[in-house]
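What follows is a set of notes on a single structure, which appears directly below.
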Amino acid sequence: MSTGRPGVQAGIRDWAIAVCVSAVLLIAGLSENRTATDVDLLGYVLLLSGGLALAARRRAPVPVLAATG
């Protein structure tokens, strides 16, 4: 499926966007002042998975909306 625009393939672009969004979310989550014993691993996993879910947005838009929401 071509959009008529030359450049990077859509799948690679989707993954690049997903990785960048995940990195920004993780950095924002880690930027809060916390003690060394106060680590919320589930929260960080949810931040990463919500951002990485964007890679599947073309194939499954409704589940991606649910996962990121």
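The values are calculated or read from the model by the stated rules, or taken from the named source; none is laboratory data. It should be emphasised that the depicted structure is a prediction, and the values quoted were computed from it without experimental measurement. Here the Cβ positions follow ideal geometry from the backbone for every residue, glycine too, while neighbour counts run over all protein chains shown.
Tabulated values for the structure
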{"read-out": "Leading residue by the ranking (surrounded by the fewest Cβ atoms within 10 Å (Cβ to Cβ)) among those in the stretch 14-54 that are among the small types (Gly, Ala, Ser) and in a loop (DSSP other than H, G, I, E, B)", "value": "Ala36"}
{"read-out": "Among the residues listed as Ser22, Ser31, the single one being of a type in the set (Ser, Thr, Tyr) and modelled with pLDDT under 90", "value": "Ser31"}
